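Right, one structure below, let's go through it.
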Amino acid sequence: MSATADIVRAGRNAGSFGVSRVLLGLCLAVACVAPFVLNGYGLYILTLTGVFALVALGLNLLTGYAGQISLCHAAFFGVGAYATAILTQKAGFPYLLSIFVGGLLTAAVGAVVAVPAMRLKSLYLAIATLGFGVVLQKIIFEWRSLTNGGGGLALNPPAIAGYQLDATGLYYLTLTLVMLGLWGASNISSGRTGRALMIIKESEIAAGALGIPAARYKVIAFALSAFYAAVAGGLFAYLVRYIHPENFSVGLSIAFLSMVVIGGLGTIGGSIVGAAFYVIVPELLRGIKDAPGLVFGLLLVIVMVLMPQGLWGLARRLGRRA
Amino acid sequence: MARLSIEDVSVDFGGIHALRDVSFALESSAIVGLIGPNGAGKSTLLNCISGITRPTKGRVRLDDAVLSTLPPATVASRGVGRVFQHPELVVDLSVRENLQIACHRSLRYGLASEFLKLPHVRAAERAAGRRVDEVLDRLGLLDSGEVAIRNLPYGHRKLVDLGRALLMDISFLLLDEPIAGLNDAEVARLRDLLLRLREDLGLGILVVEHNMPFVSRLCDHLVVLDLGQLIANGAPADVLRDPRVMASYLGEDA
């Protein structure tokens, strides 16, 4: 009996729930007061962390849960940014509606990208999505009448219900959407869709035997993940207020994938931690003369070697031991 | 009373005849053993029935509906469950969570409701949880519900895989080498469980298995394949006395 109890205690959920609740509460409290403490640049960095965390949340559903690698998330992020900017600035949509519509449009693009995913796996899928990313970036570049091509788009501060959103306002909007995205991703990961994605990652044949059509769920995962990236893009556009096709290159896609892996594949909380690590650590290393890039690169190697399940996996192990 | 019919099924893999004109039927509450030497085509036949492999010729029917043109997920949702030789479970999840995966078809809520975890989603999940409890009870695994699969003995993993099939409201169950890797006590327990499933749910069961004592004590009917052809079909005692079966499957000296 006690042996069973030990195994149960060592089970996946034991401990992690309490730890994640406490961590979430702490982070939220700090995040709420941050604008009163930070200067403009600090607030920008924190908003950027939130924006990237949203992308990482969606990418983790796709890569961590469903096991589908994507190297075109920077392009989804870009399509969302441009769609939001164009709908707000040129079509005169309210900002929040533009973000939502931009998300839906990008989700449709994501569903199209999922078509090769039905046939391809692992590295082959990575290369195919990389190709898609390049194509999407090129379309943004060439569709000058809409996107102003290489000239980029300069944006005015957005307004919500007549109230013009300054840096602090955009920060709180980002924080709200991150919390909503976190809650939704957590609900999905523990619901029917999340479970379907996990069994597809394990074995598509086993999924089929359980009446779960792998192809349909890959499309759903890509579309949902693209929606998250696009909403983040809509926030990013108005954070930097000048967007250019070069912002959304493959390098950024690799950065998104790194965030998810560093934070912990298949962990919702890990997405936030991974994004924070990726954005904030290089800022903290700025003081190191000449070599911030070098130190950050080495840190990535160390994290991966010592914590193959990512930072969140480590936190969970420590929480369990405590 | 449902009937699963295999009608003149042939499968060619690039010139190799994996199955040739195989026909037999499985009815509700029947337990049929599918036996034959390695390479006889047993797994190919299971794959044909569950929609993983398309027959080159012939068809599989469930009553009047043709199954052999449908994808695996649709075949499964029509009530033909499959348990694989090696259970493919999500090892990081608990027994209960793995069983919940199989409630997929019965949970009908949409993605937006799931995102917002609306009240009807919570209610549906609670109902699914109760069905999982019933299956855990039937499998004798109620105490292990929260155990992660990675900490579960192999025999219990096979039971969880069987439990997933049971959660899908199946009328037929295909089992691929269910006792491989089990100890004597687990084998006896599995036999009792299968007999009870037939009794309680009227399941028709098709079982591929090499262990002759197990097969002859469990099944009321045996189908023998050799080199893709059906060479015998009848009661276990008769089939095992058939000279062709003894020659091809059990060896001359058996």
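Per-structure values
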| quantity | calculated |
| --- | --- |
| Kirkwood estimate for the stretch A:38-249, i.e. one over the average of 1/r between Cα atoms, Å | 17.4 |
| Chain B - share of DSSP beta bridges that are antiparallel (%, nearest 5) | 55 |
| Per-residue HN-Hα couplings for the stretch B:173-188 [Karplus 6.51, -1.76, 1.60; θ = phi - 60°; Hz; x = Gly/Pro] | 10, 9, 10, 9, 6, x, 9, 4, x, 9, 8, 4, 5, 5, 5, 4 |
| Length added when fully stretched, A:Ala291-A:Met118, from 0.36 nm per residue minus Cα-Cα | 58.0 nm |
| Fraction of antiparallel bridges per DSSP, the protein assembly as shown only, in percent to nearest 5 | 60 |
| Estimated FRET transfer efficiency when R0 is 45 angstrom, pair A:Ala167-B:Asp143 (beta carbons, to 0.05) | 0.25 |
| Cα-based convex hull, the protein assembly as shown, per residue volume (Å³, whole number) | 186 |
| Average silhouette area of chain B, convex hull of alpha-carbon atoms, in square nanometres | 15.0 |
| Chain lengthening between A:Val134 and A:Leu318 when straightened (0.36 nm per residue, less Cα-Cα) | 62.2 nm |
| Whole-Hz couplings from phi, Karplus 6.51/-1.76/1.60, listed for the stretch A:295-311; x for Gly and Pro | 5, 5, x, 5, 4, 4, 4, 4, 4, 5, 6, 7, 10, x, 9, x, 5 |
| Fluctuation leader among A:Ala276, A:Ala34, A:Ala229 - chain A, Gaussian network, Cα springs under 10 angstrom | A:Ala34 |
| Likely footprinting exposure, A:Cys27, A:Cys32, B:Cys219, A:Cys72, fewest C-beta neighbours within 10 Å first | A:Cys32, A:Cys27, B:Cys219, A:Cys72 |
| The stretch A:52-85 versus the stretch B:1-71: alpha-carbon centroid distance in Å | 43 |
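Only the coordinates and a few stated rules stand behind these numbers; no lab work does. The model shown is predicted, which means the values in this text are computed figures rather than measured ones. Reconstructed Cβ throughout: ideal geometry from the backbone, glycine too, with neighbour counts over all protein chains shown.
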